[in-house]
Amino acid sequence: FAGQLGVSRTTLRDGVRILVSEGALERRHGVGTFVTNNPLIHIHKGLETLTSTTEVIRKQGYEPGTSMNSWETMPAADHLAKIFGVVAGTSLIHFSRTRTANGIPVIHCEEYLLATTLKPEMINDQKSDWSLYKVLKDAHLEITSAVCKVIPVVADESLATHLKVPAHHPLLMLRQTHYATDQQPV
């Protein structure tokens, strides 16, 4: 195969490895490597712009949606209280949702806001393709900056279920803190 493509065996192995990591190929130990039936969705957008995931998905030509959508009010754990600059136990709203592109899971979000940021009816009125950026803007709270850390992780059972990937599948986690015009964390 390497000869047919005019590349070295090392290059071919690297290409196969990348296609396996992207889900286009599947390796079965002792059997071989096979093309998967997984449709590949690629969203290409830099982290340098503040854009909602809804808009990123839409601008790539896909229909944004949400699956496994839930929210709850909860007390802030120590690490979240530190981010928000509040006392541990302060009420937060926790959103857990999986964003889809043409019905295919592409991003799983665990998002936190101070409970005083939004009224419950602003959350309950949202459709499946809702944008948290838009909801915040409608609440007269505009995001003006963010700090993002990109961390390589592997899918635990929960992420594997949400994103429909095998357990231990390599993923990138974006740990972001968004800030309003007054530089307060949102």
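Taking all protein chains as they are arranged and a probe of 1.4 Å, the heavy atoms of THR90 leave approximately 40 Å² accessible to solvent. Exposed loop sites are taken as GluC sites (Glu not before Pro) in a DSSP loop (any state but H, G, I, E or B) with at most 14 other beta carbon atoms within 10 Å; the longest stretch of the chain without one runs 49-141. Computed with a 1.4 Å probe over protein heavy atoms only, the accessible surface of segment 143-186 comes to 66 Å² per residue. Residues in segment 107-118 carry Karplus couplings, in order, of 9, 10, 10, 10, 10, 10, 9, 4, 4, 6, 6, 10 Hz; the curve used is 6.51 cos²θ - 1.76 cosθ + 1.60 with θ = phi - 60°, and Gly or Pro positions show x.
Solvent-accessible area of TRP130, all protein chains in place: 10 Å² (probe radius 1.4 Å, heavy atoms, ligands and nucleic acids excluded). Under 5 Å from the amide H of TYR62 lies no amide H of any residue 5 or more positions distant or on a separate chain, with H modelled from the backbone and absent for Pro and chain starts. Across the accessible surface of the chain, with the other protein chains kept in place and a 1.4 Å probe, carbon and sulfur atoms take up 54 percent. Taking a ≥ b ≥ c as the square roots of the eigenvalues of the alpha-carbon gyration tensor, segment 137-176 is classed oblate because a/c is 1.5 or more while a/b is no larger than b/c. Ranking CYS109, CYS148 by solvent-accessible area of protein heavy atoms (1.4 Å probe, all protein chains present), from largest to smallest, gives CYS148, CYS109. Computed over the Cα atoms of the chain, the ratio of the radius of gyration to the Kirkwood radius (Rg/Rh) comes to 1.05. For HIS108, nonlocal amide neighbours, meaning residues 5 or more places apart or on other chains whose placed amide H falls under 5 Å from its own, are ARG99. Figure note: MET122, MET68 ranked by solvent-accessible area, largest first, 1.4 Å probe, ligands and nucleic acids not counted: MET68, MET122. This model, with +1 at the C-beta of Lys and Arg and -1 at the C-beta of Asp and Glu, gives segment 91-186 a dipole about its Cα centre of some 180 debye.
Ranked from largest to smallest solvent-accessible area, with a 1.4 Å probe on the protein heavy atoms, ASP14, ASP182, ASP78 come out as ASP78, ASP182, ASP14. For VAL186, the residues whose modelled amide H falls within less than 5 Å of its own, excluding neighbours fewer than 5 places apart on the same chain, are HIS178, TYR179, ALA180.
The values are calculated or read from the model by the stated rules, or taken from the named source; none is laboratory data. Everything quoted here is computed from the prediction, not taken from an experiment. All Cβ positions, glycine included, derive from the backbone under ideal geometry; neighbour counts span all protein chains shown. Surface areas here come from the heavy atoms of the whole protein model, side chains and all, with no ligands, DNA or RNA. Shrake-Rupley method; radii C 1.70, N 1.55, O 1.52, S 1.80 Å.
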